[in-house]
């Protein structure tokens with residue numbers, strides 16, 4: 001799999017204390033903050049990013065960030081991928097072809113969603129990555145995957161695929177933290193996924209094993225901090241840690257229902 005690179009906006013100057021010739025510069029980012037609809041967006045983006053990196057899920061990276069003028073407000077800076085040298089298909093833009101879905105698609109596929117032809121092609125070209133993403137989304141309660149990924153589809157061989165935007169998963173899958181925890185406690189949530197009935201069972205089983213065998217210390221290090229992260233206090237973080245441990249037990253049953 002090719003390395004996912006990120007966009008440098010400019011190089012400003014050489015770093016004076018660097019012994020290796022490093023330069024200072026500016027990366028292109030998308031800044032996420034907590035809001036009325038997603039009160040735990042920053043925390044959820046950070047946790048999902050950490051969990052995905054541990055499991056080898058192809059996601060665009062991001063980091064917690066603050067602005068010099070708003071030191072008290074924590075944001076999440078999603079790094080924007082460098083796409084200028086590749087033909088990346090952008091599933092994040094609606095194409096309204098869902099109004100006329102293609103004929104003769106496999107039973108159980110969500111026929112009313114946009115980009116259905118490309119999604120079918122994507123799952124055939126990237127069976128490992130789409131299976132990994134599907135299982136991961138079920139674990140973290142991400143019901144907003146429909147358009148939040150990009151990939152190279154034009155080549156005959158495999159290129160880059162990556163997911164982005166986990167700001168409506170985990171403790172932000174509903175508008176409040178309490179509602180999100182209540183939803184995550186339901187084994188049947190999420191109720192659908194754009195890749196359903198297109199998931200490779202073998203690869204799905206591989207990532208299920210990774211998640212089931214993920215040590216508690218790894219989940220804890222991704223979910224529990226010594227301080228509040230945005231609107232999420234340590235007590236809420238501990239609650240998420242516990243619910244993710246429970247949700248691991250239902251993954252195999254959930255995925256069997258959508259394979």
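The values are calculated or read from the model by the stated rules, or taken from the named source; none is laboratory data. Only a predicted model underlies this, so the values are computations on that prediction, with no experimental measurement involved. Here Cβ is always computed from backbone atoms with ideal geometry, including for glycine, and neighbour counts include all displayed protein chains.
Worth a mention:
- The stretch 168-195, residues that are free of Cβ contacts under 8 Å to residues at least 12 places away in the same chain, surrounded by fewer than 19 Cβ atoms within 10 Å (Cβ to Cβ) and assigned to a loop (DSSP other than H, G, I, E, B): 186
- Output for the stretch 111-121, where each listed residue is in contact with a helix residue (DSSP H, G or I) (Cβ under 7 Å, 6 or more places away or on another chain) and in contact (Cβ under 8 Å) with a residue 40 or more places away in the chain: 113
- Only listed residue being in contact (Cβ under 8 Å) with a residue 24 or more places away in the chain and over 18 Å from the mean Cα position of the chain (by Cα), chosen from 28, 18, 44, 68: 28
- Lone unmet requirement of (1) within 22 Å of residue 255 (Cβ to Cβ); (2) surrounded by 22 or more Cβ atoms within 10 Å (Cβ to Cβ) for residue 120: (2)
- Selection count, the stretch 123-156, where residues are in contact with a helix residue (DSSP H, G or I) (Cβ under 9 Å, 6 or more places away or on another chain) and within 21 Å of residue 84 (Cβ to Cβ): 5
- Residue in the stretch 135-145 that is under 23 Å from residue 190 (Cα atoms), surrounded by fewer than 14 Cβ atoms within 10 Å (Cβ to Cβ) and either at pLDDT below 85 or over 18 Å from the mean Cα position of the chain (by Cα) (or both) present: no
- Exactly one residue among 144, 165 is touching a residue at least 24 places away in the same chain (Cβ under 8 Å) and on the phi > 0 side of the Ramachandran plot, and that residue is 165.
- Of the residues screened, residue 151 is one that is buried (at least 22 other Cβ atoms within 10 Å of the Cβ), modelled with pLDDT of 90 or more and within 25 Å of residue 90 (Cβ to Cβ).
- Subset of the stretch 189-222 (residues that are in contact with a helix residue (DSSP H, G or I) (Cβ under 8 Å, 6 or more places away or on another chain) and over 26 Å from residue 126 (Cα atoms)): 216, 218, 219, 220, 221, 222
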